[in-house]
Each structure stands twice: as structure tokens, then as C-alpha cells.
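Report on the structure given below.
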């Protein structure tokens, strides 16, 4: 697909499945020759149930997509940047729910807190490589009362 002079391809994958993430990187490199930026934006949530109503399977499914998905995308992005011998940028969607309670369900909030820590740890481990690692923490418009407590976090390797 070509729009406004730029090119794009559409690929579907389960971000929590490593083989599918690897295939996505392979297809991207095949189409464009390299990877410059990775945006780990896949995410799911259950209904905002009380934690006593969640099953372990519900909780695990949310963690697999929201945390393992970011981990796998970052892992294979870093490996690809290293293979290319070029810097790059990795971005993950976290959430205000990962910073403050009451902004999301238990499973979702726990997963987004894990994403924030994963981004911080990854940035630390990639320090000096030229690979930038960042997270954004959007807030749902109905949860704006939480925006006053947000601080801007920027992590650069």
C-alpha cells in the first residue's frame, strides 16, 4: 500500500506468540530491508471486574498480550537493530492504570505497571547502544481526574 509517498504493509499477529512476532519482523525486513521503529501497541482487558471475580485464565490472558507481547516485540526489535548494526526506537503503550489505582481493572492495571517497569529495565539494559526505549501512558477521557498525578517519563538508552 502506498499513501502520500510512503509505503505500508498490513500484518496480523498475536503479540503474545513468539513465532508470530518473529514472522512479523521477517516480513517487515523482507518488504523494507530493515526495521527502524517498533510500536508495541497490542492490548486487551477484561471487563473491570472486582479482582475476586477474575479467573487465573482471565488474568493470564491479559498478561500474555499486554506484557509478554511487549517483551517479545522489544526482544526481536533489539535483535534486529543489532543485526542491522543500526540504532532504532522502541515504543510501548502503557497506561495511567499502571501508575495509579482506580484507572482500570486489576488485570489491566497490573499488566500496564509491568509494561512501565519492562520499558525502564529494557532502556537500562540497552544504554549506550543507541536504541531508544519509551512508553506512553494514555488516560481514558472518563478517567481524567488521574492526569494531575502523572509525571512525564522519558527513558533513553
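The values are calculated or read from the model by the stated rules, or taken from the named source; none is laboratory data. Remember, it's a predicted structure, so these values are computed and weren't measured experimentally. For neighbour counting, all protein chains shown are included, and Cβ atoms are generated from backbone atoms with ideal geometry for every residue, glycine included.
Side notes on the structure shown:
- The requirement of being within 16 Å of the chain's Cα centre (by Cα) and modelled with pLDDT under 95 is fulfilled somewhere in region 144-153, by at least one residue.
Yes or no, residue by residue, for (1) touching a residue at least 12 places away in the same chain (Cβ under 8 Å); (2) touching a helix residue (DSSP H, G or I) at 6+ places or on another chain (Cβ under 7 Å):
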residue: 54; (1), (2): yes, yes
residue: 60; (1), (2): no, no
residue: 65; (1), (2): yes, no
residue: 71; (1), (2): yes, yes
residue: 85; (1), (2): no, no
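- In region 51-90, the residues that are surrounded by fewer than 20 Cβ atoms within 10 Å (Cβ to Cβ) and either touching a strand residue (DSSP E or B) at 6+ places or on another chain (Cβ under 7 Å) or not in a helix (DSSP H, G or I) (or both): 54, 55, 85, 86, 87, 89
- Flag set for residue 34, criterion: over 18 Å from residue 138 (Cβ atoms), modelled with pLDDT of 95 or more, assigned to a loop (DSSP other than H, G, I, E, B) and out of contact with any strand residue (DSSP E or B) (no Cβ under 8 Å at 6 or more places or on another chain).
- Residue satisfying all of: in region 19-47; loosely packed, with under 15 Cβ neighbours inside 10 Å and in contact (Cβ under 8 Å) with a residue 40 or more places away in the chain; farthest from residue 2 (Cα to Cα) among these: 47
- For region 9-22, the criterion of being in contact with a helix residue (DSSP H, G or I) (Cβ under 7 Å, 6 or more places away or on another chain), assigned to a helix (DSSP H, G or I), modelled with pLDDT under 95 and farther than 25 Å from residue 85 by Cα is met by no residue.
- Residue pairs whose Cβ atoms lie under 8 Å apart, sitting 6 or more positions apart in sequence or on different chains, and linking a residue in region 1-16 that is under 19 Å from residue 34 (Cβ atoms) to a partner that is loosely packed, with under 12 Cβ neighbours inside 10 Å and modelled with pLDDT under 85, are 7/1; 8/1; 8/2; 9/1; 10/1.
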